[in-house]
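Peer 1: Just passing along the structure, written as structure tokens.
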Amino acid sequence: MKNQDNNIKRIAKAGFTLAEIMIAVTIVGILAAIGVPMAMKFVDDSRITATQTKLRTLETVTDTYCNRHKIPSSQEAWSEALIGGDDPFFKGDLNDSWGTEIRFERKGRRYVLTSAGPDENYDTEDDITTFDASKNKKK
């Protein structure tokens, strides 16, 4: 009988107190408050890098198309030239890392490719653009 009482007392003392649990939850909350914004910054940076890489790839593909044909006259003509038809020049979509369509603008004998960037709105500060694509200059 005495052994059973000792076992019950040990089991009862094996748990955590409310204060210990509250301290642990507070520490986890503080670590999350510091760590989550840092992790999101890494995610944003990787999306920007991926979009810059895709713009460079699309620039090369567009240059190849323009060397064989002529510069497309519009967004629709560019899309059709690169991904349309039976033998597309580019196998993939024409979207940036945020799912927004990459914009093609003809500028005389040149063209500009633009991603709307993290805010998914064109003509804002965070746009990612390949300026003079025919001369391979980047912003």
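Peer 1: From zero outward in steps of 5 Å, how is the percent of C-alpha pairs of the stretch 31-139 spread across the bins?
Peer 2: For the stretch 31-139, the binned pair fractions read 2, 12, 21, 23, 17, 10, 6, 4, 3, 2, 1, 0 percent.
Peer 1: Whole-Hz Karplus ³J(HN,Hα) for the stretch 88-100, in order, using 6.51 cos²θ - 1.76 cosθ + 1.60 and θ = phi - 60°, x for Gly and Pro?
Peer 2: Computed from phi, the couplings for the stretch 88-100 are x, 6, 10, 9, x, 9, 10, 10, 7, 5, 9, x, 8 Hz.
Peer 1: Now for a separate question. What trypsin sites (Lys or Arg not before Pro) does the stretch 45-108 have in DSSP loop regions with at most 12 other beta carbons within 10 Å?
Peer 2: Lys70, Lys91
Peer 1: So for the stretch 70-110, considering every pair of alpha-carbon atoms, how many percent are separated by more than 16 Å?
Peer 2: The calculated P(r) of the stretch 70-110 puts 39 percent of pairs beyond 16 Å.
Peer 1: Within the stretch 27-53, find all residues whose amide N lies under 20 Å from a label point positioned 7 Å from the Cα of Glu120 along Cα-to-beta-carbon.
Peer 2: Once the point is set 7 Å along Cα→Cβ of Glu120, 40-52 turn out to lie under 20 Å by backbone N, inside the stretch 27-53.
Peer 1: Another question, if that's okay. Based on the Cβ-Cβ distance of Met40 and Glu20, what FRET efficiency does E = 1/(1 + (r/R0)^6) give at R0 = 30 Å, to the nearest 0.05?
Peer 2: Rounded to the nearest 0.05, the efficiency is 0.45.
Peer 1: Next question. Where does the charge balance sit around Gly99 when Lys and Arg score +1, Asp and Glu -1, over other residues with C-beta under 11 Å from its C-beta?
Peer 2: Charge balance near Gly99 sits at -3.
Peer 1: Starting from the amide H of Ser97, placed 1.01 Å from N in the peptide plane, find each other amide H under 5 Å away whose residue is 5 or more places distant or on another chain.
Peer 2: Thr51
Peer 1: Taking the number of other C-beta atoms within 10 Å as the exposure measure, put Phe89, Phe16, Phe104 in order starting with the fewest.
Peer 2: Neighbour counts put them in this order, fewest first: Phe16, Phe89, Phe104.
No value in this document is a laboratory result; all are computed from the given coordinates. Being a predicted model, the structure only gives us computed values, none of them experimental. Note that we place each Cβ from the backbone using ideal geometry, even for glycine, and neighbour counts take in every protein chain shown.
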